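First comes the structure, then the notes that go with it.
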Amino acid sequence: MSTRSPLIIGAGPAGLTAALELVNRGVTPRLYEASGNVGGLARTPCVDGWRVDPGGHRFFTRNQAVLDIWRSLLPADQWVEVPRRSAMLVDGRHVRYPLVGRDLMTQLGFGSGLRGVASLALARVRRGIRRDPDSESFRNWGTGEFGRHWYELFFDGYVRKTWLAEPADLTSDWANQRIRPIRWRKAEEFAARDVFLYPRRGPGQLWEAAAAALAHNGVVASLNSPVVAVRSDRAGWTVELENGDTASGDAVFSSMPLRVLVNALQPTPPEHIRTAAAALKHRALITVGIAFREHLELPYNWVYTPSVEMRVGRIQNYTRWSAELSPAHWRGTHLGLEYFTNSDGDLWTAGDEAMARIVQQDLRTLGVGDVAVETMSFVRSQFAYPVYDPAREASVALIRDYLRIHHPSIRPMGRNGMHHYDNQDHAMLSAMGSVARYFGDDIDPWQVNKDLRYQEFGLLRM
């Protein structure tokens, strides 16, 4: 049998998992990462003891193999179990999320509650006669699931702000997995099970441990090594780095954005494949870590802000995630403000000073503009979330089938590699499936995370 020499592009959850799986099978891959960190979006930058989780990464899985990898990388005492508690900030009130029927009937006024119930009842009648719910826009899905009144109150503005698109121009494929229906039973019945795992020092702690385990086995991730070309010939594959270095191997495992991979491929793919790749869009994320010297009462992990009066889309309360995201003995408040943008948008091109002014305006709107700030930092993630517009599914299918036919030894995986809104465990499963297929197993990694009603609920214990 010929010597296996796989190349891995990207050292996020998918790339690192693929490397671990290959090492476990006796194969030594080479691993290239464009940035200076491992973990991808799930990294945890740290400055002077202040750690920033750019995205808020719940560790949840229904898959025992994924949990076993997590256990192997970090001992049990390095994990905390975090009760999920989130809210939406609407009309100055924190309304629990996922939405609870009792709150909707009382917190926003009796009249608002009646309008919500009436519009929900009408929506359910209409949904009962709808013929093809799987191909609807997010707007139609949202009004059908929550009724027009509650949809417009909680979701329309938030989706416009976070996806930077009209809700009617987004598909609803991701919504069933990400947005839970209204709870009509007592919220306390769900609280005991609505828990997730979290590394004490943030998600990057896990992926740094993965990189250390790989280094112990002779696989050192090459950081600050953007891949600019991926060339195929009869001998196999050659990747070219931005600095001109090259590496050759028999297969490529790619978690780089699918659009970028197509643009890097040589020979150049046909025009219709390049057109499909150009149609794939991402939203970028700027996470602003901010510490207040004063303790602010905010009993939530996340606060969603649908209001157009603020640019911030979501606020993380890092203290509720883990005390170790802050320096020891810190008694103030440590938050992460999430701003969603395009990579050519005004927020993305703004420098730190301009971003700080935007943050200060949002803090004034939130009523905390006068609270003394200890520190503020900015973490930018260009390819944070694949956009689910009407072009996505057909474009991904064209590229997937082209690669299967013409380049079967290149293996896309992970959220960006497949342009699919995956959680960490799904990204890992796609990597595990890609490695298994590399060894001849009849597994299709593209079938990971196809459950329409998958919800992060119930926890496998450490």
So residue 55 passes all but one of these: (1) in a strand (DSSP E or B); (2) closer than 29 Å to residue 157 by Cβ. Which condition number does it fail?
(1)
Sole miss for residue 304 among (1) buried (at least 20 other Cβ atoms within 10 Å of the Cβ); (2) over 20 Å from residue 365 (Cβ atoms) is condition (2)
Apart from one, (1) charged (D, E, K, R); (2) within 14 Å of residue 376 (Cβ to Cβ); (3) over 24 Å from the mean Cα position of the chain (by Cα) all hold for residue 297; the odd one out is (2)
Return yes when residue 397 is farther than 14 Å from residue 312 by Cβ, touching a residue at least 12 places away in the same chain (Cβ under 8 Å) and surrounded by fewer than 16 Cβ atoms within 10 Å (Cβ to Cβ) and no when it is not.
no
Working only within segment 212-235, note down all residues that are touching a strand residue (DSSP E or B) at 6+ places or on another chain (Cβ under 8 Å), free of Cβ contacts under 8 Å to residues at least 60 places away in the same chain and in a strand (DSSP E or B).
228, 229, 231
Which one of the conditions (1) hydrophobic (A, V, I, L, M, F, W, C); (2) surrounded by fewer than 21 Cβ atoms within 10 Å (Cβ to Cβ); (3) touching a His at 6+ places or on another chain (Cβ under 9 Å) does residue 100 fail to meet, given that it meets all the rest?
(3)
Condition broken by residue 243, with the remaining ones in (1) touching a residue at least 12 places away in the same chain (Cβ under 8 Å); (2) in a loop (DSSP other than H, G, I, E, B); (3) touching a helix residue (DSSP H, G or I) at 6+ places or on another chain (Cβ under 9 Å); (4) among the polar types (S, T, N, Q) satisfied:
(3)
Of the residues 364, 274, only one is surrounded by fewer than 14 Cβ atoms within 10 Å (Cβ to Cβ), part of a helix (DSSP H, G or I) and basic (Lys, Arg); which?
364
Read through the list (1) more than 23 Å from residue 226 (Cβ to Cβ); (2) crowded, with 24+ Cβ neighbours inside 10 Å; (3) assigned by TED's automatic domain parsing to the domain that holds residue 237, then give the number of the only condition that residue 53 fails.
(3)
Count of segment 327-355 residues which are crowded, with 20+ Cβ neighbours inside 10 Å and in contact with a Ser or Thr (Cβ under 8 Å, 6 or more places away or on another chain)
7
Among residues of segment 313-329, those that are under 17 Å from residue 154 (Cα atoms) and out of contact with any Phe, Trp or Tyr (no Cβ under 6 Å at 6 or more places or on another chain), counted:
1
Go through (1) part of a loop (DSSP other than H, G, I, E, B); (2) in contact with a helix residue (DSSP H, G or I) (Cβ under 9 Å, 6 or more places away or on another chain) and name the single condition residue 381 misses.
(1)
Matching residues, segment 252-271, being small (Gly, Ala, Ser) and surrounded by 23 or more Cβ atoms within 10 Å (Cβ to Cβ):
254, 255
Kindly check whether there is at least one residue in segment 253-265 that is in a loop (DSSP other than H, G, I, E, B), under 16 Å from the mean Cα position of the chain (by Cα), of a type in the set (Gly, Ala, Ser) and more than 17 Å from residue 379 (Cβ to Cβ).
yes
Selection count where residues are over 17 Å from the mean Cα position of the chain (by Cα) and of a type in the set (Val, Ile, Thr), scope segment 156-185:
2
Of those in segment 171-194 that are over 17 Å from residue 97 (Cβ atoms) and out of contact with any Asp or Glu (no Cβ under 6 Å at 6 or more places or on another chain), the residue modelled with the highest pLDDT is 171
Find all pairs meeting these conditions: Cβ atoms under 6 angstrom apart; at least six residues apart or on different chains; first residue within segment 79-93 and under 17 Å from residue 182 (Cα atoms); second residue among the acidic types (Asp, Glu) and at pLDDT below 95.
84/194
State whether one or more residues within segment 102-118 are part of a helix (DSSP H, G or I), in contact with a Phe, Trp or Tyr (Cβ under 8 Å, 6 or more places away or on another chain), farther than 24 Å from residue 325 by Cβ and at pLDDT 90 or above.
yes
For residue 31, all conditions in the list (1) over 21 Å from the mean Cα position of the chain (by Cα); (2) crowded, with 17+ Cβ neighbours inside 10 Å; (3) outside the structural domain of residue 421 (by TED's automatic domain parsing) hold save one; what is the number of the exception?
(3)
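Going by what's in this entry, would residue 96 be described as closer than 30 Å to residue 327 by Cβ, modelled with pLDDT of 90 or more and not assigned by TED's automatic domain parsing to the domain that holds residue 427? If you could, list the steps in order and put the result at the bottom.
On the way: closer than 30 Å to residue 327 by Cβ: no; modelled with pLDDT of 90 or more: yes; not assigned by TED's automatic domain parsing to the domain that holds residue 427: yes.
No.
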Residue 23 modelled with pLDDT of 95 or more, assigned to a helix (DSSP H, G or I) and of a type in the set (A, V, I, L, M, F, W, C)
yes
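The values are calculated or read from the model by the stated rules, or taken from the named source; none is laboratory data. On a predicted model such as this, the values are computed, not experimentally measured, just so you know. Cβ atoms come from the backbone with ideal geometry, glycine included; neighbour counts cover every protein chain shown.
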